[in-house]
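We did not get these values from a lab; they are worked out from the coordinates using the rules stated. As the structure is a computational prediction, the values presented were derived from the model and not from experiment.
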């Protein structure tokens, strides 16, 4: 699964939720971007995350969740 944030405000909200759930950057998830600054911020996960977190993340404006193909 990957989360794409088109604004830095959305990326900050996603990061806040992930850290609040005690997920560790570099272990459970990775953040990529923005380089150059106009590109989206990507959150990639090494394992599936809990359904309640997915629901919270879906509610954030300017955020898209992309399911990876198996």
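For the chain, the relative contact order works out to 50 percent when only alpha carbon pairs closer than 8 Å and six or more residues apart are counted. Once the Kirkwood radius over Cα pairs is known for the chain, the Stokes-Einstein relation at 4 °C and 1.567 mPa s delivers a diffusion coefficient of 107 µm²/s. Helix content alone sets the calculated 222 nm mean residue ellipticity of the chain: runs of n ≥ 4 DSSP H residues at -39500 (n - 2.57) each, divided across all residues, give -9000 deg cm²/dmol.
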